[in-house]
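Peer 1: Structure incoming, see below.
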Amino acid sequence: MSTESAFPQIPRFLYGTAWKEDATERCVENALKAGFRGIDTANQRMHYYEEGVGKALQSVYAQGLLTRADVFLQTKFTSRGGQDHRLPYDSNAPLATQVQQSFAKSLEHLGTDKIDSYVLHGPSTRLGLNHEDWEIWREMEALYRQEKVRYLGVSNVNLDQLRALCEEASVKPSFVQNRCFAKMMWDGLSSVKRVKLYGPPPSERRTPTIGFTIDGVTAEQAVRALVEKGLFLSHGDFYALTVIERLGVEALIRAGCACYTSDEEVDRLIEGVREIVR
């Protein structure tokens, strides 16, 4: 086990290791050899193979290519609701003990005595933070104070939850890791009759903003109806009047995803559009 105490610099990009299963070790080693200096994983065997990440790290260390001080390591604590039967802790133990047990396993898996960024793998509820979330976060704060982690973070969080953590936590989150639901929005809208999407899908290196029209409904009418559902959209030519004219439409409806956009909000948008075309 590497026990180097020096912390690496925060890299611009982290290599994600979810859903790679038995290929995790090979993929992570190749990523490190290709120049990645940040690795993101989780002690959640359902979607991650954290131990495989550790094997890759030990391999590049043994080859003399890198040291622990060269690699920024981020892993996560995942609550029972996000796990399968392969738990890294005793599910009957107090939550603080579960955090301790999961963290100890992560250190073992990754072959280190410190974690650079330790992330709460999503609150247990969609809205707000409950007492369980706070109990977990307090124990993560304890790990921070013991200098076992350099930063704390949170993932899959909405804006209100993030604001609560920033306002009420003793140790504020330094990192937010959220999914982007732009493809989910694109696929959902494309399944609705009378909806026409413009431009390439979000997966093709474009910003997560989608322009669309609804046949038989003006952009203004559609946006007004969707805004009444608590959604924020806009309509117009967006300073691309010539393009709009060539498309043969008066205006586009524009919807976008941000780091705090939830899957529930995307579902609400798609259902709202379906109601408009009925």
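Peer 1: Report every pair of residues separated by at least 6 positions or lying on different chains whose Cβ atoms are under 6 Å apart, first residue within the stretch 39-51 and under 16 Å from Ile115 (Cα atoms), second small (Gly, Ala, Ser) and buried (at least 22 other Cβ atoms within 10 Å of the Cβ).
Peer 2: Going by the 6 Å Cβ cut-off, the qualifying pairs are Asn43/Ser102; Asn43/Ser106.
Peer 1: Could I ask something else about it? Would you point out the residue of the stretch 75-90, among those that are touching a Lys or Arg at 6+ places or on another chain (Cβ under 7 Å) and modelled with pLDDT of 95 or more, that is nearest to Val149 (Cα to Cα)?
Peer 2: Of all residues in the stretch 75-90, those touching a Lys or Arg at 6+ places or on another chain (Cβ under 7 Å) come to 84, 86, 88.
Restricting the remaining residues to those that are modelled with pLDDT of 95 or more gives 86, 88.
Details: Arg86: 24, Pro88: 19 Å.
Residue satisfying both the conditions and the ranking: Pro88.
Peer 1: I want to confirm something. Restricting to the stretch 16-55 and keeping residues that are of a type in the set (Phe, Trp, Tyr) and more than 23 Å from Gln98 (Cα to Cα), which single residue is surrounded by the fewest Cβ atoms within 10 Å (Cβ to Cβ)?
Peer 2: Going through the qualifying residues, I end up with Trp19.
Peer 1: In the set Tyr198, Tyr239, which member is free of Cβ contacts under 8 Å to residues at least 60 places away in the same chain and either within 30 Å of the chain's Cα centre (by Cα) or closer than 19 Å to Gly272 by Cα (or both)? Spell out the reasoning first.
Peer 2: Values: Tyr239 fails: either within 30 Å of the chain's Cα centre (by Cα) or closer than 19 Å to Gly272 by Cα (or both).
The conditions single out Tyr198.
Peer 1: Moving on. If you go through the stretch 106-123 one residue at a time, do you hit one that is of a type outside the set (Phe, Trp, Tyr), on the phi > 0 side of the Ramachandran plot and not in a strand (DSSP E or B)?
Peer 2: Of the residues in the stretch 106-123, the ones of a type outside the set (Phe, Trp, Tyr) are 106-117, 119-123.
Going one step further and asking which of them are on the phi > 0 side of the Ramachandran plot, we end up with 111, 122.
Checking the rest, the ones that are also not in a strand (DSSP E or B) come to 111, 122.
Within the stretch 106-123, one or more residues are of a type outside the set (Phe, Trp, Tyr), on the phi > 0 side of the Ramachandran plot and not in a strand (DSSP E or B).
Peer 1: For residues that are in a loop (DSSP other than H, G, I, E, B) and of a type in the set (Lys, Arg), scanning just the stretch 167-189, find the one that is surrounded by the most Cβ atoms within 10 Å (Cβ to Cβ).
Peer 2: Out of the qualifying residues, it is Arg179.
Peer 1: Anything in the stretch 45-70 that is in a loop (DSSP other than H, G, I, E, B) and not charged (D, E, K, R)? List them, or say none.
Peer 2: Matches in the stretch 45-70: Met46, His47, Tyr48, Tyr49, Gln63, Gly64, Leu65, Leu66, Thr67.
Peer 1: Can you tell me which residue is nearest to Ser79 (Cα to Cα) among those in the stretch 135-166 that are part of a helix (DSSP H, G or I) and of a type in the set (Asp, Glu)? First the steps, then the outcome.
Peer 2: Taking the stretch 135-166 and keeping what is part of a helix (DSSP H, G or I), we get 135-145, 159-166.
Next cut, of a type in the set (Asp, Glu) only: 135, 139, 141, 160.
On the way: Glu135: 12, Glu139: 13, Glu141: 16, Asp160: 20 Å.
Here the answer is Glu135.
The values are calculated or read from the model by the stated rules, or taken from the named source; none is laboratory data. Here the structure is a predicted model, which means the values were calculated and not measured. Neighbour counts run over all protein chains shown; Cβ positions are idealised from the backbone, glycine included.
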